[in-house]
Every structure is written in C-alpha cells, then in structure tokens.
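Reviewing the structure listed below.
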Amino acid sequence: MTDKHNSFWHKLQQRFFNNTPQTDPVWTNDKNISGQKPRVDQMSDFTKVLTAENVELNLSLKTRDEVLKKLSQMAQSIDESLDSESVYGRFLLRERGCSTALGEEIALPHAIDQSVTELTMQVITLDQPILWTAKEEVSVIIAFLIPAEEKNYQHVEYLASVAYLLQKKHFVSSLKKAKTEAEIVKLFEDRENF
C-alpha cells in the first residue's frame, strides 16, 4: 500500500489547498530567485477530451462507489466498446491505493484500462456532498479515463492543468455554481481567463 504522506495526491492536496511550504524546488519565471530554470506554463486543451455529453449535473448519488459506477456507465453509453465493469474496477483500485479527494469538495479520480480507446474527461456534480473518505466530503468529481496504451503520458499534463485551475478560487466557485453542462465545458475552454 502507498504511504499516504508520500503519495502524489497527498502532495497535490498540500500544495494547492493547505498552503504548506514546500521543500522540493518549484520552477518559476521569477528572475530574483537564483538557480531557477524558466518555467513555461502551458494549459492543456480541454476541448480535445471534454464534451457536454461527458458532463452530468446535480446527481443524487449517495456514495463514492455509486459515483465511480456512474462514471463507468456514462463512459460506456458514449463508447459501447468500453468495458464499464473493468473501468469501475480500475477506479476502485485507484481509490484503494490512495484517495483522489483533493479538498474543497473536489475529487479527481482516474482509471487506466485496456478498453478505453481515447483519453476522456468527465465531470459530475452532486446535489448534496457525499463522504468520499471517512473525513472528506465531495460534491464535484472531475474524472479521466485513460487508454492503457496511451502515448507520451498525455493524461499527466491534463491532471496538472486541472490542479492549476483548482488553485483559482474563482474557477472553483464557478465550477460549483454551474447550472448546465455547457457552462462546465465553457469553464474549461476558457481556462486561460483564470
């Protein structure tokens, strides 16, 4: 089992939601910091992975497992070749290894599976927050379905772009207040404005 305090998700939570000082280097464009390499922040193009049909709002789901099952079923309804049970199992294994709850009532689950043919992003909002872990509630779920044979680890760039956007209070607030699927898609399309 992964050490919770050394996991990717724990570090992501610490960096973006707890404002904890970091000991590892952060690349920056600040010329006043010696020994730093220039950093180029490039946002991923979400129009390539997110469409309105991959968004569902105000669902009445009661548990984390129901949410993960729903994500799997949504994906199969769009791509019939996808094995929803296998994807659901991959989601569960990911959560068992380390929770994908990030704080601020947001979770970022992902599943890598042989039946997934292309990188896909999904967004679900819930009508009421649910317990994702024993201590963390979630009301917004941003999920990625990743092909097992994905080239160049493209999903990592998308996860990083989502993490960057989730640092922006206005983005998080807008995400939680969105009333339509089109609003959610537009938020990610207009990512440069945050």
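From the list Val162, Val156, Val140, exactly one residue is touching an Asp or Glu at 6+ places or on another chain (Cβ under 8 Å) and of a type in the set (Val, Ile, Thr). Which is it? Full working, then the answer.
Details: Val162 fails: touching an Asp or Glu at 6+ places or on another chain (Cβ under 8 Å); Val156 fails: touching an Asp or Glu at 6+ places or on another chain (Cβ under 8 Å).
From the options Val162, Val156, Val140, the qualifying one is Val140.
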ask   = Just a yes or no: is a residue in segment 146-163 open to solvent by less than 10 Å² (accessible area, probe 1.4 Å) and over 22 Å from Glu53 (Cα atoms)?
value = yes
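What number of residues within segment 164-189 are surrounded by 16 or more Cβ atoms within 10 Å (Cβ to Cβ) and either of a type outside the set (S, T, N, Q) or in contact with a Pro (Cβ under 9 Å, 6 or more places away or on another chain) (or both)? Spell out the reasoning first.
Looking only at segment 164-189, we keep the residues that are surrounded by 16 or more Cβ atoms within 10 Å (Cβ to Cβ), and these are 164-166, 171-172, 174-175, 178, 181, 184-185, 187-188.
Okay, now just the ones that are also either of a type outside the set (S, T, N, Q) or in contact with a Pro (Cβ under 9 Å, 6 or more places away or on another chain) (or both), so 164-166, 171-172, 175, 178, 181, 184-185, 187-188.
Residues that pass the stated criteria total 12.
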remark   = Within segment 36-58, restricting to residues that are touching an Asp or Glu at 6+ places or on another chain (Cβ under 7 Å) and open to solvent by 60 Å² or more (accessible area, probe 1.4 Å), the one that is modelled with the highest pLDDT is Asn58
note = Checked segment 155-194 for anything free of Cβ contacts under 8 Å to residues at least 12 places away in the same chain and of a type in the set (Ser, Thr, Tyr); matches are Ser173
Strands (runs of 3 or more DSSP E) (entirely within segment 59-162) containing at least 3 residues that are modelled with pLDDT of 95 or more and within 23 Å of Glu183 (Cα to Cα) = 120-131, 137-147
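The values are calculated or read from the model by the stated rules, or taken from the named source; none is laboratory data. Just so we're clear, the structure is a prediction, and the values are computed from it rather than from any experiment. Here the Cβ is made from the backbone with ideal geometry for all residues, glycine too, and neighbour counts use every protein chain on show. To get the accessible areas, we keep the full protein, side chains included, count just its heavy atoms, and leave off ligands, DNA and RNA. Shrake-Rupley method; radii C 1.70, N 1.55, O 1.52, S 1.80 Å.
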